[in-house]
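Read the figures in this text as sums done on the coordinates, not as results from a lab. Since this is a predicted model, take the numbers as computed values, not measurements.
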Amino acid sequence: MDIHKILKQLPHRYPFLLVDRVLAIDKGKTIRAMKNVTMNEPFFQGHFPHRPVMPGVLMLEALAQAAALLAFDALDTSPSDDTVYYFAGIDGARFKRPVEPGDQLILDVALLRMKAGIFKFKARALVGDDLAVEAELTCAMRTVA
């Protein structure tokens with residue numbers, strides 16, 4: 001899935017779109033996506049000017065965006081103006097290595113279960129063969145009026 005299809009599936013836009021490409025998707029099971037981390041990211045100006053590091057919350061957000069792509073694919077649907085996909089929980093988050101400009105963040109997400117618009121995922125992000133972050137994510141798809 002290239003950036004054009006991702007833009008149709010996710011409501012996020014620069015500077016908050018954190019998935020550049022989907023490398024593989026196994027319908028209703030797993031997704032592997034990629035985020036190219038560049039020095040041009042706006043958060044690097046202040047985090048940290050002397051040693052730029054991607055904020056952990058943005059690594060988790062990148063994983064959640066990949067999870068949303070997996071959820072929409074599993075349901076054979078696309079987001080609409082009356083659908084919002086929220087974080088509902090983050091469990092067991094562990095940060096194992098810093099992510100710096102020039103790194104390629106590989107986002108691996110597995111769907112553990114879904115019921116009544118609530119999704120539970122096991123997620124991890126790698127740089128090369130090194131684990132950068134792992135967590136269990138709970139997300140909710142809701143209709144808004």
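Kirkwood-type hydrodynamic radius, the stretch 65-145: 13.7 Å, calculated from all non-identical alpha-carbon pairs.
For the pair the stretch 1-50 and the stretch 112-145, the centres of their Cα atoms are 15 angstrom apart. With contacts taken as Cα pairs under 8 Å at a separation of at least 6 residues, the chain carries a relative contact order of 26 percent.
Calculation over all alpha carbon pairs of the stretch 3-143 in 10 angstrom steps from 0 returns a P(r) of 12, 45, 34, 9, 0 percent.
In order along the stretch 69-84, the Karplus-derived 3J(HN,Hα) couplings, from 6.51 cos²θ - 1.76 cosθ + 1.60 at θ = phi - 60°, round to 4, 5, 5, 4, 5, 4, 8, 6, 9, 10, x, 10, 5, 9, 10, 10 Hz, and Gly and Pro are given as x. Given their separation in residues at 0.36 nm each and the Cα-Cα distance between them, Ala145 and Lys8 gain 47.2 nm when the chain is fully extended. Beyond 16 Å, how much of the Cα-Cα pair distribution for the stretch 1-86 remains, as a whole percent? In whole percent, the share of Cα-Cα pairs in the stretch 1-86 beyond 16 Å is 54.
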